[in-house]
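The values are calculated or read from the model by the stated rules, or taken from the named source; none is laboratory data. No experiment lies behind these values; they were computed from the predicted model shown. A quick note on method: Cβ atoms are made from the backbone with ideal geometry, for glycine too, and the neighbour counts reach across all protein chains shown. What goes into the accessible areas is simple: the full protein's heavy atoms, side chains included, and nothing from ligands, DNA or RNA. Shrake-Rupley method; radii C 1.70, N 1.55, O 1.52, S 1.80 Å.
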Amino acid sequence: MGGSDVSGVFDGRKVHYDGQRFEGATVSAVFGGVDMDLRSAVIERDVRIVATAVFGGIEIFVPANVVVKVMSTPVLGGITNKAAAPTEVPCHTLYINATCVFGGVDIK
């Protein structure tokens with residue numbers, strides 16, 4: 001699976017990458033929410049997620065074999081990174097670029 005677009009606009013979306021290759025994504029939540037579960041995804045290189053939350057929320061569940069690096073632009077919103085340090089090898093980096101306007105992104 002290549003890069004993907006996921007959006008929750010006035011509704012909710014749940015996306016699971018169960019044994020699928022993950023090569024990055026653009027995720028948007030506008031007056032809605034997105035749950036993205038990458039814990040069983042196959043991540044073979046450094047990848048990027050561009051996340052935008054406007055009056056909505058995004059939850060990203062990351063696998064144990066990635067380092068998470070966050071860049072964010074919050075406007076009366078925010079991002080929390082509760083991802084644990086990698087415990088498995090190989091270790092790749094998941095870059096998350098987030099824009100939050102009256103919304104939020106949670107990384108777990």
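Computed quantities for the displayed model
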item: Probe 1.4 Å - accessible area at PHE10, Å² to nearest ten; result: 150 Å²
item: Accessible area in the full protein assembly, largest first, 1.4 Å probe, for ASP37, ASP18; result: ASP18, ASP37
item: Region 46-108: radius of gyration and largest Cα-Cα distance (Dmax), Å; result: 11.8, 37
item: SER72 - accessible surface, heavy atoms, 1.4 Å probe, Å² rounded to 10; result: 50 Å²
item: Entry for P(r) over Cα pairs in 5 Å bins from 0, in percent (calculated from the structure that is shown) out of (i) 2, 12, 22, 21, 18, 12, 7, 3, 1, 0, 0, 0; (ii) 3, 14, 26, 26, 18, 10, 3, 1; (iii) 2, 13, 21, 18, 13, 11, 9, 6, 4, 2, 1, 0; result: (ii)
item: Sum of side-chain charges, ALA51 neighbourhood, beta-carbon under 12 Å (Lys, Arg +1; Asp, Glu -1); result: -2
item: Sequence-separation-based contact order of region 1-106, relative, with Cα cut under 8 Å and 6+ spacing, percent; result: 26 percent
